[in-house]
Amino acid sequence: MSAVALQVWTLWWREIVRFRRQRSVIIGSFVQPLIFWVLIGWGFRASFKPSGMPSGIDYVQYFYPGVIMLVLLFTAIFATIATVDDRRQGFLQGVLVAPIARDTVVAGQALGGTTLALFQGCVFLVLAPLAGIHLSAAAVGASIAVMTLIAFAFNCIGLMIAWRIESTRGFHLIMNSILVPIWFLSGAFFPAAGAPLWLRWIMWLNPLTYGMAALRRSLYLGEPHTLGALPGAAVSVAISVAFAAAAMWFAARVAQRSQAVAA
Amino acid sequence: MNTSPATGAAPAGRAGQRSAEPVIEVGGLGFSYGGRQALSGIAFTIARGEIFGFLGPNGGGKSTLFRLLSTLVPMQSGNARILGYDLRGATRALRRRIGVVFQSPSLDGKLTVAENLAIHGHLYGLGGARLRERTHAMLARLDVDDRAGDLAETLSGGLRRRVELAKALLHEPELLLLDEPSTGLDPAARREFFNLLTLLRESAGVTIVLTTHYMEEAERCGRIGILDQGRLVAIAPPGELKGQVGGDVMVISGPAPEMLAQKIARQFQVRAVLVDGTLRIERPRGHELVARLVDEFGGEIDSVAFGRPTLEDVFVHLTGHRFVAGPREKNGR
């Protein structure tokens, strides 16, 4: 293994081991979206049918891909938040003086967080029949590929903020005030098709809308009639790839410039 | 990056030659956070095999100096060479050759001791059998090998410090930098930790540079540099510094110190300096003066402390104010 590969691998591995030993994190990042899904999905099923929602599915099913997205988002937040304290008075101090490039550090962290989010996402994927979605092998494969992409983007965004901000409180504040609305307006909660024009514009400009579309298309691979009006597959994947790449670039840049220590 | 001259085991002749060149060479070093000058005009050299301590109160600039030397923050002004590498240049190759122990723990509490060392080894390019061998050797040397499988967070403060040290030494650095290494240790553990450092210098041949605000720790360094308000006010072996203080030191407290100082000056032609509300007199054969002072001004004196000069006295002698270890921390370091 090359020196850089070993460095990436070891930082990836650290994320995995830490996660395994922090059961509350595993449960927290999984159970909270699950509760959302159960309460909102089943709660709204009878009474709530947003306009633009494809016919033939109920709200539980509509909301399900959105909840997967939320699982990925929460796990990414949990995975990256430790960076805030870690680089100033914890483990990352040692990494910062080691002979390792900052973008290598970010790569290891992001891949670790992506793996964790993907794991949580896959556990959630098992619940698809509860939503009334019966996944083909191809659909599972495509969904995992899309989840990987989005999980990676979320982790890079998390790192981008964690390498810059000085307190975990600030980190939470930013993540909640930026990422949750982005999630909310990605088509996770209601389809763009039924929204007023100004809101539809915001949703079209939201990169996550295309990630959401890619995930929906993957879950319903082979049965496009259940999708309703969504951005096309090629556009969705292309924009998601660009989104993840941009997030990675920014995360590496912020980490590069981070002085690690406050005055 | 040109690595050819530095790679491979140094031949015997070369080792001798290298030991003559200083490990750290710093001149005109300055650093500021925004508008606040944290260091200015710092110059010193440290030779191979030294145990060098930077002593100073919090806010004196120790931590900033440590961050510069450990390549954690970029250079702003002045020049610095460590092990022949210019700190202004690429530091990757240098980092491989220094070990760093931070004031706050850098162990991951959720990982075992062995796992912490393994990650550290991987970051420094150690792997496989070599890593296992080094891990075992370091944990054994620091006498923590029986805790290798325990989560780092379950270790006591003293043991954790040892593991930090094992980790920093894993990649066989030539220079070990420690920032306030004994923070949070009780005096006994502190002494023990220092004994360990002394031992390591002898057995592993590393040069040790540390920062401290503990007098008794500074006392045990081969040489110390005293930092105050961002300036290096003295560099010398502790004994020599104490010799600079004129003989014995008397500290006199009383209700009216200023008036007393004038009276002492008139009566004995001795200069008593007012430092933070107490009078200080530095003088050889001080015990004779103490007796006469008490005879003459007994009513105006609450207490007299008398003793051989300590490093604290040296600090007061050099800076004109007392050594404040704690409360300045808030204003940043």
Please name which of A:Val241, A:Thr148, A:Met175 has its Cα lying farthest along the dipole of region A:3-257 towards the positive end, using unit charges on Cβ (Lys, Arg +1; Asp, Glu -1) and the Cα centre as origin.
A:Met175
Peptide A:150-160 - average C-beta neighbours from other chains (10 Å radius)
0
When only C-alpha pairs under 8 Å and at least 6 residues apart count, what is the relative contact order of region A:3-257, in percent?
27 percent
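I'd like the antiparallel share, as a percent to the nearest 5, of DSSP beta bridges with both residues in region B:87-233.
Once the DSSP bridges in region B:87-233 are tallied, antiparallel ones form about 25 percent.
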Under unit Cβ charges (Lys, Arg +1; Asp, Glu -1), what dipole magnitude, rounded to 20 debye, does the protein assembly as shown have relative to its Cα centre?
1300 debye
What is the angle, in °, between the Cα long axis of helix B:128-141 and the longest principal axis of the Cα atoms in chain B? Nearest 10 is fine, range 0 to 90.
30 degrees
When the Karplus curve 6.51 cos²θ - 1.76 cosθ + 1.60 is applied with θ = phi - 60°, which whole-Hz ³J(HN,Hα) does each residue of region A:202-209 get, with x for Gly and Pro?
4, 5, 5, 7, 7, x, 5, 3
Would you work out which of A:Leu185, A:Ala214, A:Ile133 lies farthest towards the positive end of the dipole of region A:3-257? Charges go on Cβ: Lys and Arg +1, Asp and Glu -1.
A:Leu185
Charge dipole (region B:17-237, unit charges on Cβ, about Cα centre) - positive-most of B:Gly89, B:Thr183, B:Phe66
B:Gly89
List the lysines whose Cα lies under 19 Å from the Cα of B:Lys62, skipping any in the same chain that are fewer than 8 positions away.
B:Lys330
Rounded to the nearest 20 Debye, what is the dipole magnitude of region A:157-263 about its Cα centre when Lys and Arg each give +1 and Asp and Glu each give -1 at the C-beta?
180 debye
For B:Lys242, list the aspartates and glutamates whose Cα falls under 14 Å from its own Cα; do not include residues on the same chain fewer than 8 positions away.
B:Glu216, B:Glu219, B:Glu282, B:Glu312, B:Asp313
Could you work out, residue by residue across B:32-38, how many beta carbons of other chains sit within 10 Å of that residue's beta carbon, and then give the average as an integer?
1
Tell me, A:His172, B:His120 in order of fewest to most beta-carbon neighbours within 10 Å?
A:His172, B:His120
Sort region A:1-71 into rounded, prolate or oblate with this rule: let a ≥ b ≥ c be the square roots of the eigenvalues of the Cα gyration tensor; rounded if a/c is under 1.5, and if a/c is not under 1.5, prolate when a/b is larger than b/c, oblate otherwise.
oblate
On a C-alpha basis, how far is the centre of region A:1-43 from the centre of region A:53-71 in Å? Whole number, if you could?
23 Å
For A:Ile77, B:Ile301, order by how many other beta-carbon atoms lie within 10 Å, fewest first:
B:Ile301, A:Ile77
Using a cut-off of 17 Å between alpha-carbon atoms, which lysines can reach B:Lys110, once sequence neighbours fewer than 8 places away in the same chain are excluded?
B:Lys167
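Can you tally the net charge around A:Ala255? Count Lys and Arg as +1, Asp and Glu as -1, for every other residue whose Cβ sits under 11 Å from the Cβ of A:Ala255.
Neighbour charge sum, excluding A:Ala255 itself: +4.
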Quarter of Cα convex hull surface for region A:3-257, i.e. mean projection, nm²:
13.6 nm²
What average number of partner chain Cβ atoms lie no more than 10 Å from the Cβ of the residues making up A:9-22?
3
Size of charge dipole - chain B - debye, nearest 20, with Cβ of Lys, Arg +1 and Asp, Glu -1, no other charges:
1040 debye
So what's the angle, to the nearest 10 degrees on a 0 to 90 scale, between helix B:157-169 and the longest Cα principal axis of chain B?
60 degrees
Spelling out what I want: for every residue of region B:190-207, take phi, set θ = phi - 60°, compute 6.51 cos²θ - 1.76 cosθ + 1.60 (Karplus), and round to whole Hz; glycine and proline get x.
5, 4, 5, 4, 5, 4, 4, 4, 4, 4, 5, 4, 6, 7, 9, x, 8, 8
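Within the protein assembly as shown, what percent of beta bridges assigned by DSSP are antiparallel, to the nearest 5? Display every interim value, and only then the final one.
Working: 33 of 51 bridges.
That works out to approximately 65 percent antiparallel.
Would you mind ranking A:Met203, A:Met212 by Cβ crowding within 10 Å, fewest neighbours first? Don't skip to the end; give the middle numbers.
Working: A:Met203 20, A:Met212 30.
Neighbour counts put them in this order, fewest first: A:Met203, A:Met212.
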Using θ = phi - 60° and the Karplus form 6.51 cos²θ - 1.76 cosθ + 1.60, what ³J(HN,Hα) does each residue of region A:230-243 get, whole Hz, x for Gly and Pro?
9, x, x, 4, 5, 4, 4, 5, 4, 5, 5, 5, 4, 4
Net charge of neighbours whose Cβ lies under 14 Å from the Cβ of B:Val270, counting Lys and Arg as +1 and Asp and Glu as -1:
+3
Suppose R0 equals 41 Å. What FRET efficiency, 1/(1 + (r/R0)^6) with r the Cβ-Cβ distance, do A:Ala3 and B:Leu199 give to the nearest 0.05?
0.85
How far, in degrees from 0 to 90, does helix A:137-162 lean away from the longest principal axis of the Cα atoms of chain A, to the nearest 10?
50 degrees
Sort A:190-196, B:254-260 by packing, meaning the average of other beta carbons within 10 Å per residue, with the highest value first.
A:190-196, B:254-260
Net charge of Cβ neighbours under 13 Å - reference B:Leu169; Lys, Arg +1; Asp, Glu -1:
+4
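Readers should treat all values here as calculations from the given coordinates under stated rules, not as data from a laboratory. Nothing here was measured: the structure is a model prediction, and the numbers come from that model. Glycine also receives a Cβ, built like all others from the backbone with ideal geometry; neighbour counts cover every protein chain displayed.
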